[in-house]
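Quick note: the coordinates plus some simple rules give every number you see, no bench work behind them. If you're wondering where the values come from, they're calculated on a predicted model, not measured in any experiment. Here Cβ is always computed from backbone atoms with ideal geometry, including for glycine, and neighbour counts include all displayed protein chains.
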Amino acid sequence: MQMQDKITDRQLSDEQSREIAETIREELARRRISRQALAEQAKLSLSTLEKVLGGRRPFTLATTVRLEQALGVSLRKSVIVVAPPAANDVAPDSLGSYAHRAVTWLEDVYITLRPSFGDKDAIFAYRTEIVWEPKVSSLVFREGERTDAAYEHTGEVAVPHQSGFIYLVIIKHGQHRVITVSRPTVAGEMYGIISTLRAGPGSQLTPIAAPIAYVPLRNVPKPSLGRVGPDDPNHALYARHLRRTVEESFALFLSV
C-alpha cells in the first residue's frame, strides 16, 4: 500500500503540468462547465484545482487520474517524435504520406480489447482515441482509463498505401511497441496483433504477442473497462471480437 501511495503521489514534470492544465482549460471552455463543477466531479477541492491550473502547484498522478475520470479524456501525453511533416495536413513519409482528409474515417474513440496477460480467463479493456494532431501533422492515438495507468501511451499512427494495414507505433527510449490492425470493417471495428513486452516479477520483461481488437465506443451500449472476467456482462461480446481476429484470419498465430 505504501508503494502504491508513493506512485500515485508522484509529481509530474513542469512541462507535463503545463500541458495538462492547458488541456483542462480547453475542455472546460468547450463543455461550458465551471471549475467548481469539475472539482466536485473529480472529488477535489476547488482550491487544489485552482492551484494546479494556475501553475502554483504541480499535478500529481493521483490528481490527474481523478480529473481524467471526471472528464473522460486522457490528459497525459507522451512526447511524440516524428520526421518533419511534408505539409500542414499531410503526414510524413515515414507514416505513409497520408492527407488528413483521407483518414478522417479513422478518427474515433475505441474500446481496445486484448487478452489479459495475467489472467487467462480475463480480457483487458481500455479506451483509445485516434485523432489528428496538427502539431506533428499526423494521426496519433491516446490510451486512457487503463487500470495500469502507468502504461498508458500516446503514439503515432501509420497508414501506408501498400499494405492496407494500420500501424499504431510507440517508440520510447529506444523501446518499440507495435500494433498492426486491419482497416475498419463496415461497423468500424479493427482487428490485428499487438507486439509488446509483458512485465513480470521485479524488472523482468518478456516479449509477447496477442490478438487485439478496436471496437468503436458507440458499438457497446454499456462498456466495461479494466480486467473483464467471465462474470462480466460484456465478457462474451469481447471474447467474440478477439476470436474473430483469428477465425476470420485478420491475423495468424503460428505454432512450432
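Using a 10 Å Cβ count of at most 16 others and DSSP loop calls, identify the longest part of the chain lacking such trypsin sites (Lys or Arg not before Pro).
136-256
Round to the nearest 0.05 the FRET efficiency obtained for Leu28 and Asp89 when R0 = 22 Å and r is the Cβ-Cβ distance.
That gives a FRET efficiency of 0.20.
Convert each backbone phi in segment 236-247 into a coupling constant with the Karplus relation 6.51 cos²θ - 1.76 cosθ + 1.60 (shift: θ = phi - 60°), then list the ³J(HN,Hα) values in order as whole Hz, x for Gly and Pro.
Each residue's phi maps through the Karplus curve to give 4, 5, 4, 5, 4, 5, 5, 5, 4, 3, 8, 5 Hz.
Identify the residues of segment 11-34 with backbone N under 13 Å of a label point that sits 7 angstrom from the Cα of Leu46 along the Cα-to-Cβ direction, or state none.
34
With runs of 4+ DSSP H residues as the only contributors, calculate the mean residue ellipticity of the chain at 222 nm using -39,500 (n - 2.57) per run, divided by the residue total and rounded to the nearest 500.
Dividing the helical sum by the residues of the chain leaves -7500 deg cm²/dmol.
Go through (i) 16.0; (ii) 11.7; (iii) 13.2 and flag the label whose value is the computed mean projected area of the Cα convex hull in nm² for this structure.
After the calculation, the listed value that fits is (i).
What fraction of the DSSP beta bridges in the chain is antiparallel, stated in percent and rounded to the nearest 5?
100
List the GluC sites (Glu not before Pro) within segment 91-150 that fall in a DSSP loop (any state other than H, G, I, E or B) and whose Cβ has at most 16 other Cβ atoms within 10 Å.
Glu107
When the chain is fully extended, how far beyond the present Cα-Cα distance does Asp232 get from Arg218, taking 0.36 nm per residue of separation?
Difference between extended and current length: 3.2 nm.
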